[in-house]
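Visitor: Would you mind keeping the following structure in view while I ask a few things?
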Amino acid sequence: MSEAGRVSWPPEAPLWTFDWRLADAPDEEGIVVLGAAYRGHEVFHKASLPSLRVQYSGPCGPYKDPLNYDNSHPTSRCPGSRVCVYSYTAGGLRALSVESYHTIGAYRLTHRWVFWENGVVMPRLYSAGLQCPFDHRHHVYWRLDFDIDGAARDLLLEYNTYTPDEGWGPGWHPFRTETSRVKNAGSRRSWAVLDLDSGRGYHLLPGAADGTADAFSTADLWLLRYRAAEDRYGRQGSAAADGLTAYVSGESTDGQDIVVWYAGHLLHRVSEGGDDWHATGPDLVPFGPWS
Ligand SMILES: [Cu+2]
């Protein structure tokens, strides 16, 4: 069993249009967003959460947790479905949330995509429950297959306070071949995907609770050339390894069809107990002439 649907929101004057799907095993990539467009301009070919790994500082795991239809459950907000699509208003802005609630062992997990009327997208994973009484980190990998104004002509740039103006504005440096990167809060490091023809793009801003790569989960961002075979529908890597390093093979990403993977590393201290919800996820913020 699976669930799928189409969003055209707000219905009276759509700002966001996309298809979504929550597939059953063996897929394990959470709710997938397909063909998303904002104000009529394509943003994502596909956005998904293909890997969720947990590492303990004690004798448990590591685990790779599948997010799929099979372990999802209806909630009181949407008792008749596994994927809940609803709109709300916060801070004077309207938002559309597409979310699913999962249980895996003692874990409770909510996977949520929030689409704001101003174009901001917030991928989020919320986690509660204690599977094993040791401090641990949930490593959450989003695959963001950007196709801004179509698949071609996209470029990834990285911001650091120390980078001089190279022609992209102070702080911005383009990456023209595949690479992986680690966060650096000291230089306010963030990233952007730019369509070279339209000037439209998205900033990728690490979330405050997203943590930084470690010896177990070794990067925070991967820049890859799009290859269909590198989309494993969630059967990506293993409990022990994310499997992404093999994709970084020196291919050009200069004005190409690119895919960005982003990892959040959510620390869960056993002293906090299992009842609190913890959240991780970046903010994706549009720039350029969208309207
Ligand atoms: Cu936890």
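The values are calculated or read from the model by the stated rules, or taken from the named source; none is laboratory data. All values derive from a computational prediction rather than experimental measurement. Note that we place each Cβ from the backbone using ideal geometry, even for glycine, and neighbour counts take in every protein chain shown.
Visitor: Restrict the check to the stretch 188-205 and report whether at least one residue is touching a helix residue (DSSP H, G or I) at 6+ places or on another chain (Cβ under 7 Å) and under 28 Å from GLY40 (Cβ atoms).
Guide: no
Visitor: State yes or no: is SER238 more than 19 Å from the chain's Cα centre (by Cα) and not hydrophobic (A, V, I, L, M, F, W, C)?
Guide: Taking the combined requirement at face value, the residue does not satisfy it.
Visitor: Right, next: Give the residues of the stretch 154-207 that are β-branched (Val, Ile, Thr) and either assigned to a loop (DSSP other than H, G, I, E, B) or surrounded by fewer than 21 Cβ atoms within 10 Å (Cβ to Cβ) (or both), sorted by residue number.
Guide: THR161, THR163, THR177, THR179, VAL182
Visitor: Filter the stretch 176-211 down to the residues that are in contact (Cβ under 8 Å) with a residue 60 or more places away in the chain, β-branched (Val, Ile, Thr) and in contact with an Asp or Glu (Cβ under 8 Å, 6 or more places away or on another chain) and list them by number.
Guide: Matches in the stretch 176-211: THR177, VAL193.
Visitor: Could I ask something else about it? Any residue at all in the stretch 128-135 that is of a type in the set (Gly, Ala, Ser) and more than 30 Å from ASP214 (Cα to Cα)?
Guide: Looking through the stretch 128-135, none of the residues is of a type in the set (Gly, Ala, Ser) and more than 30 Å from ASP214 (Cα to Cα).
To keep it simple, each residue is scored yes or no on (1) at pLDDT 95 or above; (2) at positive phi; (3) not aliphatic (A, V, I, L, M).
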position	(1), (2), (3)
PRO66	yes, no, yes
THR75	yes, no, yes
VAL85	yes, no, no
TYR88	yes, no, yes
GLY91	yes, yes, yes
GLY105	no, yes, yes
GLY129	no, yes, yes
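Visitor: Still on this model: Give the stretch 67-97 a look and list any residue that's closer than 21 Å to PHE18 by Cα, of a type outside the set (S, T, N, Q) and part of a loop (DSSP other than H, G, I, E, B), or say none.
Guide: Of everything in the stretch 67-97, those that are closer than 21 Å to PHE18 by Cα, of a type outside the set (S, T, N, Q) and part of a loop (DSSP other than H, G, I, E, B) turn out to be LEU67, ARG82.
Visitor: If you don't mind, there's one more thing I want to ask. For the stretch 61-93, name all the residues that are within 16 Å of SER2 (Cβ to Cβ), loosely packed, with under 14 Cβ neighbours inside 10 Å and touching a Ser or Thr at 6+ places or on another chain (Cβ under 9 Å).
Guide: HIS73
Visitor: Could you run through the stretch 129-185 and say how many residues are farther than 25 Å from GLY250 by Cα and among the polar types (S, T, N, Q)?
Guide: Summing the residues that are farther than 25 Å from GLY250 by Cα and among the polar types (S, T, N, Q) in the stretch 129-185 gives 2.
Visitor: Please identify the pairs in which a residue from the stretch 251-270 that is more than 12 Å from the ligand (Cβ to nearest atom) has its Cβ atom under 8 Å from the Cβ atom of a residue that is among the aromatic types (Phe, Trp, Tyr) and in a loop (DSSP other than H, G, I, E, B), counting only partners at least 6 apart or on another chain.
Guide: GLN256/TYR226; ASP257/TYR226; ILE258/TYR226; VAL259/TYR226
Visitor: Pick from GLY35, GLY58, GLY40: which is surrounded by fewer than 22 Cβ atoms within 10 Å (Cβ to Cβ) and within 16 Å of the ligand (Cβ to nearest atom)?
Guide: Testing whether each residue is surrounded by fewer than 22 Cβ atoms within 10 Å (Cβ to Cβ) and within 16 Å of the ligand (Cβ to nearest atom) leaves just GLY58.
Visitor: So if I check each of ARG94, ARG124, ARG108, which one is within 16 Å of the ligand (Cβ to nearest atom), among the charged types (D, E, K, R) and closer than 26 Å to ALA192 by Cβ?
Guide: Selected residue: ARG124, the only one of ARG94, ARG124, ARG108 that is within 16 Å of the ligand (Cβ to nearest atom), among the charged types (D, E, K, R) and closer than 26 Å to ALA192 by Cβ.
Visitor: Quickly run through the stretch 111-121 and pick out the residues that are more than 15 Å from the ligand (Cβ to nearest atom) and under 18 Å from the mean Cα position of the chain (by Cα).
Guide: ARG112, TRP113, VAL114, PHE115, TRP116, GLY119, VAL120, VAL121
Visitor: Of everything in the stretch 127-146, what is within 15 Å of the ligand (Cβ to nearest atom) and either free of Cβ contacts under 8 Å to residues at least 24 places away in the same chain or within 14 Å of SER48 (Cα to Cα) (or both)? Give them in sequence order.
Guide: If the condition is that a residue be within 15 Å of the ligand (Cβ to nearest atom) and either free of Cβ contacts under 8 Å to residues at least 24 places away in the same chain or within 14 Å of SER48 (Cα to Cα) (or both), then VAL140 is the only one that fits.
Visitor: Go through the stretch 1-32 and count every residue that is out of contact with any Lys or Arg (no Cβ under 6 Å at 6 or more places or on another chain), within 21 Å of ASN71 (Cα to Cα) and charged (D, E, K, R).
Guide: So the answer is 5.
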